[in-house]
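Let me begin by presenting the structure, written as structure tokens, before commenting on it.
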Amino acid sequence: MGFFETIRTANHNLFRNKVRTFLTILAIFVGSFTIILNVAINTGVNAFIDEQTTALGGDNFIMLMSKDSEAMMSEQMSASTGPQEFTEKTSTLGTLSDQDLKNLKNIDGIDADSFYSPTPLNGTGYITSSKTDKKYNVSSVMILPPGNFNIPLAAGTLVDQTEDAKRKNQIVLPPEYPQALGYEKDEDIIGQTVTFALKDEFNNTFKKFSAEVVGVEANGIVSSQFGMLLSRNLYDEMYAFATKYYPDDYEAPTYYVMATFDNSRYSEDEIKQIISDAGYSAWTINDMMGVIRTFFDVIMIVFTIFGGIALLAAAIGIVNTLLMSVEERTREIGLDKALGMSSGRIFAEFATEAILLGFWGSIFGVAVAFGISSIVNVAVHAPGAFLEVFPTFELFKFTIGNTLPIILTIMFIAFVAGTAPASKAAHKNPIEALRYE
């Protein structure tokens, strides 16, 4: 009996009892359906994160900090950066000393000339516009980092980095801020003036700074990592005001340093290990995205466990189905052995039946999951749906790489579950089997 004949015979034997076989396949279907949906979501989320990271650029960007600052930075990166009503704010990040900066500049692979250490805008401040009476916190403010950044924009351009433009007060707003500041569309705020205000703690008054909006960041996971991007001139003006009552010899604390590294010589993991060995911590763009990626991964693991439990129940069903089939076909097994069929051939026949149960259950699970996901992917991008603003975010993403391994794994689980019944059939005594009633 050839390979295909064995499959044909096993498939025929399976459907002798259609109801029992259908119920067993249904149990496998539930487990495979659950798992493939989780994997498809995980693939879709990670593909979107990778797409956003690639679009952002900055593949040689690195952020250097003390080890004590890493936990606080993780918390801040995870926090919401949408428009927040005006409140007080504080910073509790650890600082880097002059010696720390010298040590970091001497690390092989780090471009010392690219070092930029943003000075914090401590104190109370807000942003508003002539279109609204509301005020919003000045938070997550920075200058465009060094490196080959290309932050996706919904409207306008990035802050101009030419020498002449550096003397202008320009700003790129995060998503949602145009609407919060009274503009209906992102495009409407381009070229308009917004107002920053910082509090003079000594006189208990606010000083206002005007800035031209030149761009609005596109909705996406990377927009939450940078916040407002200011021109160097605007940032320096606001910082000078915030520190004007400080002693003349005051030096701003350095919480972290933005720089570039030689990615032609070192991978991200290698340069981070070198920095760690030197006693410091480092983040790359992929690490910043990893905060979000980890959140989704944890959720997917939980749901995959539920799918695994369903598959365990299905495996028990396979054992039961094949044991009953062995009992029903005892005389047939005895006759096959009496006619010269080997125990190995009988084992292979029943094992093939188990594998086919896993195959049909997983195929139906994948097919139904794909069909439902195709409908959902369209629905979540419809006008007003929660993914309308992320047109490239495919919530469920099916590939050969994430589908085929699941089908093969389920078939293997079915084979393992079917080994005991198959072994029992293969070792039956032909004389006793022929006498079985």
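What follows is calculated from the coordinates using simple rules that are stated; it is not laboratory data. It should be emphasised that the depicted structure is a prediction, and the values quoted were computed from it without experimental measurement. Cβ coordinates were reconstructed from backbone atoms using ideal geometry, including for glycine residues, and neighbour counts include every protein chain displayed.
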Sort 399-405, 150-156 by the packing proxy (mean of other Cβ within 10 Å over each peptide's residues), most packed first. 150-156, 399-405
Return the subset of K207/K244; K67/K199; K102/K244; K105/K244 for which the Cα-Cα distance in this structure is over 20 Å, preserving the input order. K67/K199; K102/K244; K105/K244
Nearby lysines by direct alpha-carbon distance to K185 (threshold 28 angstrom, same-chain neighbours under 8 apart not counted): K131, K134, K135, K166, K168, K208
Quick query: amide H of E217 versus all other amide H atoms, modeled in the peptide plane; which residues come in under 5 Å with a sequence gap of 5 or more or a different chain? A154, L173
Gain on full stretching of the segment that runs from T243 to D188 - 0.36 nm per residue minus C-alpha separation: 16.4 nm
